[in-house]
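Student: Handing you a structure now.
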Amino acid sequence: MKIEEAIKTAIEYENRVCDVYAEAVEASRNDTARRVFSTLSDEERGHVDFLEHCLGTWSEKGVLSADGLTTAIPSLENIRKGVKTLEKKLGGSPAEGAEVEMLHRALEVEVETSAFYARMVKVLPPEGKELFERFVEIEEGHKAIVQAEIDSVTGLGFWFDFQEFDLEAE
């Protein structure tokens with residue numbers, strides 16, 4: 001795949017993820033989920049803008065850079081630490097419903113998008129690898145956040161290390 005085609009395909013993936021998150025914001029009744037979906041939606045929109053800028057720069061100058069590609073999501077290491085703590089506290093079976101289905105759909109598109117970026121790192125020439133390596137890092141964080149949110153909204157009461165409700169509260 002050529003770099004220009006890879007960037008255009010990446011824009012399609014990012015737009016698809018944006019659509020899923022926008023639907024999830026509207027469908028969610030959980031405030032934490034809405035905040036997470038909204039943050040991820042904003043970030044994915046920023047990815048589309050960044051990729052469109054990259055496409056223009058590549059077309060005009062034949063240069064790509066991941067400089068300026070930032071994320072509001074914690075590092076994957078910090079997410080994993082939080083998830084490990086979360087997993088120790090969770091038990092029981094997951095709840096079913098539209099919100100959980102939307103989360104699973106979000107996870108699915110994040111997995112597909114991340115896999116696309118990983119493939120691009122393997123097949124693109126060196127001038128395209130840096131950009132797509134950075135996207136792999138970011139999308140891995142998105143996958144971890146969505147998985148943690150799935151764990152949270154299954155009704156088990158924890159978001160990472162923070163208890164969302166107290167069963168013994170009066």
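Student: Looking only at the stretch 1-40, which residues are modelled with pLDDT of 85 or more, closer than 29 Å to Arg119 by Cα and of a type in the set (A, V, I, L, M, F, W, C)?
Tutor: Met1, Ile3, Ala6, Ile7, Ala10, Ile11, Val17, Cys18, Val20, Ala22, Ala24, Leu40
Student: Just checking: which of the helices (runs of 4 or more DSSP H) contained wholly in the stretch 68-170 hold 3 or more residues that are at pLDDT 85 or above?
Tutor: Qualifying helices (runs of 4 or more DSSP H): 98-123, 126-151.
Student: Now for a separate question. Taking only the stretch 99-155 into account, find how many residues are polar (S, T, N, Q) and in contact with a Leu (Cβ under 9 Å, 6 or more places away or on another chain).
Tutor: Total meeting the criteria: 3.
The values are calculated or read from the model by the stated rules, or taken from the named source; none is laboratory data. Since we're looking at a predicted model, the values are computed, not measured. So basically every Cβ, Gly included, is an ideal-geometry build from the backbone, and we count neighbours across all protein chains shown.
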